[in-house]
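> Please read through the structure below; I'll follow up with questions.
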Amino acid sequence: MRKASLGDLSREDLERVLRIMGAKTSAAPSIFLKYYKGREGELNSLSVRLWEKVIAKYPPAPKPSVEKRVSAKDGTVKFLLRFEDGAPAECVLLHGKDGRTTACVSSQSGCACGCKFCATGRLGFRRNLFPSEIIAQFQTVLAEAGHIDSIVFMGMGEPFMNWDNVKRAILILSDPKAFAFSQGKITVSTVGIMPIIEELISSDLKIKLAVSIITSSDEKREKIAPMQKEYPISRVISLVRRYIAAKRTQILAEYILFEGENDSLEDADSLIGLLNGVECRINLIPVNRGKPEDGVDRIAQAKAFQQRLMDAGFRTYLRLEKGADISAACGQLSAGN
Ligand code: SF4
C-alpha cells in the first residue's frame, strides 16, 4: 500500500502529526515552506532534526511521469500523467480569450458515475487520487503555462466522490506557505452529490461550485446520468438554493446540448423552470452524438436555446469547446484513448 506523503497533508494534518511527535506545531509553516518552496533557511537546527523525522514518516510525494503531451490549435495542452502504480490521470491547460489561463485537473483515475456521454465514465473507475497527485497535475500545467489564473476540477472523476482528498488538495493549494492560490479562483464541478453540497453550506471554504445539470428533465437525465436515481436534479437544485443563500454566492450551471435530444425551446423552458430564481451563470456545452437527420441547423438551434435563456434573464455562455480536436473538452478525458 502507498505510504502517505508529506504532500498529502494539509497544514492541520501536519500540526496533528507534529503534536503526536511531541514537537511544536509552530514548526508546520517552516516545513511547508521548505517542502513547497525549497526554502532551506526556514529551518533552524532543531527543526532540521524534526524535518528528518517528518520526512522519514511522510516521504516526499513520488513524481508522476508525463506519458503524453498533446497541444491543440487553440493553445489547449492536454497531459496524460501516470502514477507509480500505473493509474492514469489527465490534466489540461486552457487559454481564455482574455489571455487568462486555467488548469483543469482530475480528482479520480476514471470515474464510477457512468454518465453515458462521458469518455471517462466509459473508462470505469480505477481509484481515487491522493492530494499530492492532484497537486502534481496543477504543477505540471503551471510549468507549461508559467502562470495559472484559475483551477477547475472538471477533469476525470467526480470530485465529491473523493472529497476528503480534493478538500485537502484545495487547502494545500490555497495555503499561504504552499501555493497561496485563492480559493475563489477554484471551481469544483459535481453531478450533484448532495451530502457534500450540504457540507459546503456550513464549511469555511470559499471555492466556487459548478453543477452539471446535464439535462433538466428527471426522466431524460436518468437515462444518461445514473447518479440521477440517488440525487434527482430537482432535489439537487433545491439544495443549491440553500447553498447560494447561505454563501451569498452564485453557481455555474452546466447544461449539455445533445443535438436533437434536449436542445428544443421546450427544453429551454424546462431549464428556465428548474433554475427559476437561482443565482447562476449557465454554460451551454453543445455535444454532437451523431447527426440527427432532421435537417435542423443545430448551431442556430443552440443560439435560439441560448436566446430563450437570456430573454428569461439568465447570463448564458454558449461554449465552443476548447481543445475539442485533442479530446480535452468536457466528458472527453479518457486517459489517452
Ligand atoms: S461526467 Fe463527470 S461524473 Fe459523469 S462519468 Fe464523466 S467524469 Fe464522472
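The values are calculated or read from the model by the stated rules, or taken from the named source; none is laboratory data. Every value quoted in this text rests on a predicted model; they were computed, and no experiment measured them. As a convention, Cβ positions derive from the backbone with ideal geometry for all residues, glycine included, and neighbour counts pool all protein chains shown.
> Scan segment 134-168 residue by residue and report those that are crowded, with 21+ Cβ neighbours inside 10 Å, over 19 Å from residue 94 (Cβ atoms) and either among the basic types (Lys, Arg) or more than 16 Å from the ligand (Cβ to nearest atom) (or both).
167, 168, listed by residue number.
> Quick check on my filter: what residues within segment 9-26 are over 28 Å from the mean Cα position of the chain (by Cα) and farther than 14 Å from residue 53 by Cβ?
Residues satisfying the conditions are 25, 26.
> Collect the residues in segment 214-231 that are within 13 Å of the ligand (Cβ to nearest atom) and either part of a helix (DSSP H, G or I) or at pLDDT 95 or above (or both), keeping them in residue-number order.
221, 224, 226, 227, 228, 230, 231
> As an exercise: evaluate residue 34 against (1) surrounded by 13 or more Cβ atoms within 10 Å (Cβ to Cβ); (2) under 24 Å from the mean Cα position of the chain (by Cα); (3) at negative phi and give the number of the one condition it does not meet.
Single failed check for residue 34: (2).
> Would you say residue 20 is among the β-branched types (Val, Ile, Thr), buried (at least 21 other Cβ atoms within 10 Å of the Cβ) and outside the structural domain of residue 132 (by TED's automatic domain parsing)?
So residue 20 does not fit the description; no.
> So residue 172 ticks every box in (1) within 14 Å of the ligand (Cβ to nearest atom); (2) surrounded by 21 or more Cβ atoms within 10 Å (Cβ to Cβ); (3) over 20 Å from residue 252 (Cβ atoms) but one. Which box is left unticked?
(1)
> Could you tell me which residue of segment 92-134 is nearest to residue 13 (Cα to Cα), considering only residues that are at pLDDT below 90 and basic (Lys, Arg)?
Checking each candidate, the answer is 122.
> Examine segment 249-256 for a residue that is over 15 Å from residue 212 (Cα atoms), at pLDDT 95 or above and in a loop (DSSP other than H, G, I, E, B), and state whether such a residue exists.
yes
> Please give the number of the condition residue 155 fails out of (1) touching a Cys at 6+ places or on another chain (Cβ under 8 Å); (2) part of a helix (DSSP H, G or I).
Here residue 155 clears every test but (2).
> Can I ask one more? Among the numbered criteria (1) among the hydrophobic types (A, V, I, L, M, F, W, C); (2) surrounded by fewer than 22 Cβ atoms within 10 Å (Cβ to Cβ); (3) within 13 Å of the ligand (Cβ to nearest atom), which one does residue 252 miss?
Unmet for residue 252, out of (1) among the hydrophobic types (A, V, I, L, M, F, W, C); (2) surrounded by fewer than 22 Cβ atoms within 10 Å (Cβ to Cβ); (3) within 13 Å of the ligand (Cβ to nearest atom): (3).
> Now a separate question. Counting just the residues of segment 44-76 that are modelled with pLDDT under 90 and crowded, with 18+ Cβ neighbours inside 10 Å, which one comes out nearest to residue 1 (Cα to Cα)?
Applying the filter and picking the extreme gives 47.
> Residues of segment 81-112 being away from the ligand (no atom under 16 Å from the Cβ), among the charged types (D, E, K, R) and assigned to a strand (DSSP E or B), which ones?
Taking segment 81-112 first, the residues away from the ligand (no atom under 16 Å from the Cβ) are 81-86, 93-103.
In the following step, the residues that additionally are among the charged types (D, E, K, R) were identified as 82, 84-85, 97-98, 100.
Correct list: 82 only.
> Name every residue in segment 113-132 that is within 16 Å of the ligand (Cβ to nearest atom) and assigned to a helix (DSSP H, G or I), in order of residue number. Spell out how you get there, then give the answer.
In the first step, residues of segment 113-132 are kept if they are within 16 Å of the ligand (Cβ to nearest atom); the result is 113-129.
Passing the criteria: 119, 120, 121, 122, 123.
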